[in-house]
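Have a look at the structure below, then the notes.
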Amino acid sequence: MPSQKNPAHVPSGASPLRRAAAEAGGTFLLVFGLIGAALLTSPDSNGVAAQPGTGLLGVAVALGLTVAIGAAVLGPVSGGHFNPAVTIGVAVAGRLRWGLVPVYLAAQVVGGVAGAALVRALLLGSADGGSAAVGAGFASTGYGMLSPGHFGLVPVAAVEVVATAVLVVVVLTTTHPRTGTPLAPLVIGGTLTLMLFVALPIDNASLNPARSLATAVFGGGDWVAQVWAFIVFPVVGAAVAAGLYRRATAGRASAAPADPA
């Protein structure tokens, strides 16, 4: 049983290759679970599923579960980010060497696209071959006419910045090497579920550039044209939150050393 001074989710000096594999696998799980729930079981996400489906509640819970599971299993290897915004936030907070950031980001994008690709492959076995899901944007994030509730860019920017900032503060607090908790995967997963309750009706909920890039690849067209917003705003929220967190904890016992690996 890990102690409070050595939580199980803190990376243990793994090589960059092992970290990349963990981040790719975790992001694959995240996107596969989230987008699979959205497109295969949720008629109020795509309007075409014949079964009753899980609804937005099921989609939000699916993301929370996949992140909690992935962080519990892979967190000791890489920290369990599975999200470029979280990786940048952790680096801004001084908890990850900047030299490792490109490794994490590349692995997350590859893993996310692979997860979305598997969902697309499964949809080929449906009655329409998945054409309706693709035509509806493949659960991509969007604003304006591409927003589920036709929300404009300003509220979309606000929810992405604020929700990602909340997520990053929770990550930094619960994964602290000395004061964090072994329950961090559950707390982080629960936070994501809560944030999705707010963000899903507004913009299909990004909080994660890798997730948005992965679905835009298959949504195509207008969805690709809007994906910039779901790269910029989550990263801004993460960086601001991490910077404020680092300043607030500077010189205190709660300040954590940078990941030395």
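Please work out the average accessible area per residue across the chain, using the 1.4 Å probe convention, and give it in Å².
Details: 10610 Å² over 261 residues.
With all protein chains present, the chain gives 41 Å² per residue.
Between Ala121 and Leu17, what length comes free when the chain is fully extended (0.36 nm per residue of separation minus the Cα-Cα distance, one decimal in nm)? Each step should come with its number before you reach the end.
Numbers: separation 104, 0.36 × 104 = 37.44 nm, distance 2.76 nm.
My answer for the length gained is 34.7 nm.
Amide H contacts of His176: Thr181, each under 5 Å away and 5 or more positions distant or on a separate chain (H built 1.01 Å from N in the peptide plane; Pro and chain starts excluded).
What is the percent of Cα-Cα separations in region 63-210 that go past 23 Å?
Values: 4524 of 10878 pairs.
The calculated P(r) of region 63-210 puts 42 percent of pairs beyond 23 Å.
Applying the Karplus relation 6.51 cos²θ - 1.76 cosθ + 1.60 with θ = phi - 60° to region 175-191 yields 3J(HN,Hα) values of 9, 4, x, 9, 10, x, 10, x, 8, 3, x, 5, 5, 5, x, x, 5 Hz, where x marks Gly and Pro. For Phe151, the residues whose amide H sits under 5 Å from its own are Gly144, ignoring neighbours fewer than 5 places away on the same chain, with H placed 1.01 Å from N.
Considering only Ala225, Ala21, Ala132, the Gaussian network model of the chain with Cα springs below 10 Å gives its largest mean-square fluctuation to Ala225.
First obtain the Kirkwood hydrodynamic radius of region 159-256 from its Cα pairs, then insert it into the Stokes-Einstein equation at 20 °C and 1.002 mPa s, and state the resulting D in µm² per second as a whole number.
Numbers: Rh = 14.4 Å.
Estimated via Stokes-Einstein, D reaches 149 µm²/s.
Farthest toward the positive end of the dipole of the chain, out of Ala117, Thr175, Leu153, is the Cα of Thr175, where the dipole comes from beta carbon charges about the Cα centre. Could you run the Karplus curve 6.51 cos²θ - 1.76 cosθ + 1.60 with θ = phi - 60° over region 117-123 and give me ³J(HN,Hα) per residue in whole Hz, x for Gly and Pro? Couplings: 5, 5, 4, 4, 5, 5, 5 Hz. Each other residue within a Cβ distance under 13 Å of Phe32 adds +1 if Lys or Arg and -1 if Asp or Glu, for a net charge of +2. Its residues counted as N, region 48-140 yields a C-alpha radius of gyration over 2.2 N^0.38 Å of 1.34. Highest GNM mean-square fluctuation among Gly79, Gly70, Gly13, for the chain modelled with Cα contacts below 10 Å: Gly13. The order of the peptides 122-128, 167-173, 152-158 by mean Cβ neighbours within 10 Å, most packed first, is 167-173, 152-158, 122-128.
Each Lys and Arg Cβ is given +1 and each Asp and Glu Cβ -1; about its Cα centre, the chain then shows a dipole of about 980 debye.
Suppose we flag trypsin sites (Lys or Arg not before Pro) only when DSSP calls them loop and at most 16 other Cβ atoms lie within 10 Å. Which is the longest uninterrupted stretch of the chain?
Values: sites that count: Lys5, Arg97, Arg178, Arg252.
Here the longest run is 6-96.
Taking the Cα centre of the chain as the origin and placing charges on Cβ (Lys, Arg +1; Asp, Glu -1), which of Val31, Leu244, Ala214 is farthest toward the positive end of the dipole? Towards the positive end, the residue furthest out is Leu244.
Can you tell me the mean projection area, over all orientations, of the convex hull of the chain's alpha carbons? Units nm², please. Walk me through the intermediate numbers first.
Values: hull surface 51.2 nm².
The directionally averaged projection comes out at 12.8 nm².
In whole percent, how big is the carbon plus sulfur part of the accessible area of the chain, probe 1.4 Å, protein atoms only? Carbon and sulfur atoms account for 73 percent of the accessible area of the chain.
In the elastic network of the chain, a GNM with C-alpha springs shorter than 10 Å, the most mobile of Pro185, Pro209, Pro102 is Pro102.
Backbone phi angles across region 89-97, fed through the Karplus curve with coefficients 6.51, -1.76 and 1.60 (θ = phi - 60°), yield HN-Hα couplings of x, 5, 5, 4, 6, x, 9, 8, 5 Hz in residue order; Gly and Pro are listed as x. From helices alone, the chain scores -21500 deg cm²/dmol at 222 nm; the rule is -39500 (n - 2.57) for each run of n ≥ 4 DSSP H residues, then divide by the residue total.
The values are calculated or read from the model by the stated rules, or taken from the named source; none is laboratory data. Values in this document were obtained by computation on a predicted structure and should not be read as measured data. FYI the Cβ positions are ideal-geometry reconstructions off the backbone, even for glycines, and counts take in every protein chain you see. Accessible surface areas use protein heavy atoms only, side chains included; no ligands, DNA or RNA. Shrake-Rupley method; radii C 1.70, N 1.55, O 1.52, S 1.80 Å.
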